[in-house]
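Comments concern the structure below.
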Amino acid sequence: RNLLLQRGKCRYSTTAAAIDEPVTPPIKVDYTQLLINGEFVDAASGKTFETLDPRTGEVIANIAEGDAEDINQAVCAARTAFDEGPWPKMTAYERSRIMFRFADLLEKHNDELAMLETWDNGKPYEQAAKIEIPMVTRLFRYYGGWADKIHGLTVPADGLHHVQTLHEPIGVAGQIIPWNFPLLMYAWKVGPALACGNSVVLKTAEQTPLSALYASKLLHEAGLPAGVLNVVSGFGPTAGAALASHMDVDKIAFTGSTETGKIVLQLAARSNLKSVTLELGGKSPFIICEDADIDQAVELAHFALFFNQGQCCCAGSRTYVHERIYDEFVEKAKARAMKRIVGDPFKAAVEQGPQIDLDQFEKILRCIRSGVESGATLETGGTQHGDKGYYIQPTVFSNVKDDMLIAQEEIFGPVQSILKFRDIDEVIRRANAGPYGLAAGVFTKDINTANTLTRALRVGSVWINCYDVFDAAIPFGGYKMSGQGREKGIYSLSNYLQVKAVVTPLKNPAWL
């Protein structure tokens with residue numbers, strides 16, 4: 001994150017970011033099949049689908065297309081690995097050693113993983129190689145450290161009984177990850193599940209299957225037993241639905257849109273009432289108070305929105321600015337966006353690559369048109385950047401009202417909406433309005449203002465004078481329709497554990 005902010009202080013021009021012939025990444029795509037029971041296999045149907053380069057729309061590789069039959073095979077492998085295999089019966093220390101060896105391999109293959117991530121997703125290579133893959137490595141070391149520290153309690157009871165609690169793995173965990181941070185979401189899900197002794201069936205996003213397959217090969221190289229982690233690439237209505245509704249899956253974890261999260265919850269309830277955690281959409285407020293250093297606030301608000309091409313569930317996509325500094329802020333935010341460099345994410349100094357695919361590209365442009373039609377002021381951007389690939393100009397709107405679509409809908413793109421507010425009570429009310437409650441940012445020099453906002457905002461994360469600060473130990477998740485449960489940190493372990501009470505009578509105990 002610090003690297004991104006330092007780079008963000010450099011001033012580039014989008015006009016200088018002409019999109020020439022795309023760089024060919026020096027890596028071969030070796031893993032395109034499903035990973036079931038420790039082996040790479042074709043889909044049962046023999047079908048494949050294309051994964052595309054968002055810089056050009058051209059095909060990178062053809063990937064095995066898993067569906068309900070493949071999910072069933074993967075679940076059977078995971079069930080056998082859990083019920084009969086060595087993983088949950090292995091000492092927690094040995095599980096941790098395997099996870100540490102995996103982290104070492106991630107570190108060794110950092111650049112290859114970053115190339116696959118950038119090629120398949122479109123995020124800047126510098127971001128992937130120097131920030132995201134090291135974070136993935138850190139997460140697996142963090143959860144490797146937790147593996148042999150999970151334990152229950154001895155509980156005092158009113159009577160002659162010895163009471164203890166056991167923290168047991170939940171069983172077969174189904175996991176569905178999104179395309180915006182493929183390997184980070186892989187780590188958020190797989191790390192705690194393995195640390196707790198579960199087996200896993202993971203469905204990758206159809207847009208970005210490459211890096212998870214490569215990483216999973218490394219995990220098996222580190223010593224993971226066959227069947228403990230199974231990876232199925234496929235589509236939501238087929239593979240995803242089959243996983244969420246499978247009767248032999250004990251827990252489902254999903255990251256994605258709120259609409260799809262509702263479907264996952266329904267499928268889980270209608271099948272075997274499996275445990276569910278959901279990390280869903282957001283429309284996060286970023287509140288800039290009148291005492292703010294405007295230049296710093298502009299830079300931070302720019303980062304909060306435009307990071308990862310705006311494809312971030314917790315993006316600060318509602319920028320609330322106090323009326324006394326509003327006009328100056330808008331002019332400087334516009335100037336900063338106009339200097340943002342857009343181009344091939346494999347090229348040095350590029351801050352913004354393409355959007356993930358044509359569907360997202362067209363959705364973002366529709367939202368921009370809606371902003372113009374509803375009366376917001378388009379300060380800069382608003383259309384495609386270049387004439388090839390899914391690049392969109394950094395876009396800034398001012399005079400945005402709370403009832404406009406661009407202030408309500410999760411755009412998931414490089415579109416900054418700047419709203420004006422008068423006082424703290426008003427901005428609290430407006431920031432808390434709406435269905436989401438994932439994150440918020442506060443920029444102020446006043447500790448009392450910061451404390452007031454921190455406690456009043458109904459969100460899962462509040463960043464004060466910073467934004468998008470992530471750490472393996474910091475929990476992440478949302479209020480309201482932004483989800484259920486928490487990812488990362490100690491809180492995520494409870495997603496993958498059952499608590500069992502064991503009661504034994506005592507005869508003539510020396511103490512109670």
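The values are calculated or read from the model by the stated rules, or taken from the named source; none is laboratory data. Since we're looking at a predicted model, the values are computed, not measured. Methodologically, a virtual Cβ is constructed for each residue, glycine included, from the backbone with ideal geometry; neighbour enumeration extends over all protein chains shown. Accessible surface is based on the protein model in full, side chains and every heavy atom, while ligands, DNA and RNA are left aside. Shrake-Rupley method; radii C 1.70, N 1.55, O 1.52, S 1.80 Å.
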Worksheet item: Which of the aspartates and glutamates could a cross-linker span from residue 274 if the Cα-Cα distance has to be under 14 Å and same-chain partners fewer than 8 positions apart are dropped?
Response: 248, 250
Practice prompt. Could you grab the relative contact order for region 83-220? Cα pairs under 8 Å, six or more apart, rounded to a whole percent.
Written response: 30
Worksheet item: How large is the accessible surface per residue of region 447-511, computed with a 1.4 Å probe and reported in Å² as a whole number?
Response: 56
Fill in: Within the chain, percent of DSSP bridges classed antiparallel, to nearest 5
45
Response to the item:
Per its Cα gyration tensor (rounded if a/c is under 1.5, else prolate when a/b beats b/c, else oblate), the chain is best filed as oblate
Worksheet item: Distance from the Cα centre of region 171-223 to that of region 331-349, in angstrom?
Response: 32
Worksheet entry | Violating pairs (Cα-Cα greater than 26 angstrom) within the set 339/420; 130/251; 123/217; 339/488 | 130/251; 339/488
Item to complete: Grab the beta carbon distance between residue 59 and residue 448, set R0 = 45 Å, and tell me the FRET efficiency rounded to 0.05.
Response: 0.20
Worksheet item: Relative contact order, percent, of the chain when contacts are C-alpha pairs under 8 Å separated by at least 6 residues?
Response: 19
Worksheet item: Using a ≥ b ≥ c from the Cα gyration tensor of region 332-388 (square roots of the eigenvalues), is it rounded, prolate or oblate, where a/c under 1.5 gives rounded and otherwise the larger of a/b and b/c decides, a/b for prolate?
Response: oblate
Worksheet item: Once a ≥ b ≥ c are taken as the square roots of the eigenvalues of the Cα gyration tensor of region 82-138, is the result rounded (a/c under 1.5), prolate (a/b larger than b/c) or oblate (a/b not larger than b/c)?
Response: prolate
Response to the item:
Averaged per residue, the 1.4 Å probe accessible area of region 82-229, protein heavy atoms only, in Å², is roughly 33
Item to complete: State, to one decimal in nm, how far the label point of residue 471 lies from the label point of residue 291, with both points 7 Å from Cα in the Cβ direction.
Response: 2.5
Practice prompt. Among the listed pairs 283/401; 445/480; 262/283, give every one whose C-alpha distance is greater than 19 Å.
Written response: 445/480
Practice prompt. Give the cross-link partners of residue 334 among the aspartates and glutamates, using a straight C-alpha distance below 14 Å as the criterion and excluding same-chain residues fewer than 8 apart.
Written response: 295, 299, 379
Worksheet item: Could you give the distance between the Cα centres of region 30-90 and region 457-480, to the whole Å?
Response: 33
Worksheet entry | Relative packing of peptides 209-215, 160-166, 48-54 - highest average C-beta neighbours within 10 Å first | 209-215, 48-54, 160-166
Worksheet, complete the sentence: Length gained, residue 458-residue 433, 0.36 nm per residue minus C-alpha separation, equals 8.1 nm
Discussion item. Please list the three semi-axes, largest first and in whole Å, of the ellipsoid equivalent to region 297-353, using sqrt of 5 times the eigenvalues of its alpha carbon gyration tensor.
Written reply: 23, 14, 6
Response to the item:
Pseudo-spin-label distance residue 348 to residue 426, built 7 Å along Cα→Cβ, given in nm, is 4.8
Worksheet item: Once both labels are modelled 7 Å past Cα along the beta-carbon direction, what's the residue 83-residue 491 spacing in nm?
Response: 3.5
Discussion item. Using a Förster radius of 22 Å, what is the FRET efficiency between residue 160 and residue 500 based on their Cβ-Cβ separation? Nearest 0.05, please.
Written reply: 0.60
Worksheet entry | Within the accessible area of region 377-419 (1.4 Å probe), percent carbon and sulfur | 41
Fill in: For the chain, calculated [θ]222 nm from helices alone, where every DSSP H run of n ≥ 4 adds -39500 (n - 2.57)
-10500 deg cm²/dmol
Item to complete: First select every other residue whose beta carbon is under 12 angstrom from the beta carbon of residue 59; then total the charges, Lys and Arg +1, Asp and Glu -1.
Response: -4
Item to complete: First measure r as the distance between the Cβ atoms of residue 168 and residue 328, then evaluate 1/(1 + (r/R0)^6) with R0 = 60 Å and state the FRET efficiency to the nearest 0.05.
Response: 0.55
